[in-house]
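What follows is a single structure, written as structure tokens, with notes after it.
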Amino acid sequence: MKRFVLVTVFLFLLALPAQLLAESSSESYILWGSAVTAGGARATSANYINYISVGDLSSDPMDSANYHGVIGLEALYEEPVMTFSIATTDLSLIPNILSLVSVSTASTSVTVSTNADFGYVVTVTETTAFNNGQGRVLADVTDGEVTAGSEEFGLAVAGDDAAFGDDRGLSAVPLTIASRGIWGADRTTNLTFKAAISSASASGHYSGTYTLIATSNF
């Protein structure tokens, strides 16, 4: 009789997680699933993330024409989510008239939210170089700082996820401007475009276009 009781309880505990997996949410969170098990843990290294539970009967997906089910904590998975927004996409330099005695700037910001285990990366690519419409391109900054009186154009970024702390030139090669190695919500990076001219700079109406791309690393 004792053996019968032990076997019955053991099978019940193993089967229970398959019946109690569920997704719940509120305005503040999403819990992708839950399970009742004998224990478990989340193990990570530089190369992997592993979810482990003890006491599962199995951990495989089950499908039919009408449903999709998973068994065990290991079989739970998050729906990949990423949002990316740009505060302002049409910028004007201030002062609008480039001067020998000042640096003109224009600012915007990007905000990323993602549940990706390995975070995200935002890059910027120069689609059309900052030019005067007559074939003359303002020179990219090369010394880390756009300075009044020198012909230079560049980008500065600021924020907890900013990829660098000086002024950088832009090109057709993607430049990483922000990154994070783990998930995060409302991660904002400020961008400041800077332009300066010298006495040798060509006159004209300067403009340029740039492409921002956010990529999550799931």
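Coordinate-derived values only; no laboratory data. For clarity, every value in this text was computed on a predicted model and none was experimentally measured. In this analysis, Cβ positions are derived from the backbone assuming ideal geometry, glycine residues included, and neighbour counts consider all displayed protein chains.
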Worksheet item: Where does segment 85-136 land on Rg(C-alpha)/(2.2 N^0.38 Å)?
Response: 1.61
Worksheet item: Where q = 0.17 Å⁻¹, what log10 of I(q)/I(0) comes from the Debye formula for segment 152-201, counting one point per Cα?
Response: -0.58
Worksheet, complete the sentence: Quick calc: nm separation of the 7 Å Cα→Cβ label points for ALA65 and ASP160 -> 5.0
Discussion item. Can you compute the modelled spin-label distance between THR128 and THR142, with each label point 7 Å from Cα toward Cβ, in nm?
Written reply: 2.6
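Mean projection of the alpha-carbon convex hull of segment 82-216 over all orientations, in nm²?
Details: hull surface 30.7 nm².
Average projection, Cα convex hull of segment 82-216: 7.7 nm².
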Worksheet item: Short version: ³J(HN,Hα) in whole Hz for each residue of segment 150-167, in order, from phi by Karplus 6.51 cos²θ - 1.76 cosθ + 1.60 (θ = phi - 60°), x for Gly and Pro, what are they?
Response: 10, 6, 8, 9, x, 10, 10, 10, 8, x, 4, 9, 4, 7, 7, x, 10, 8
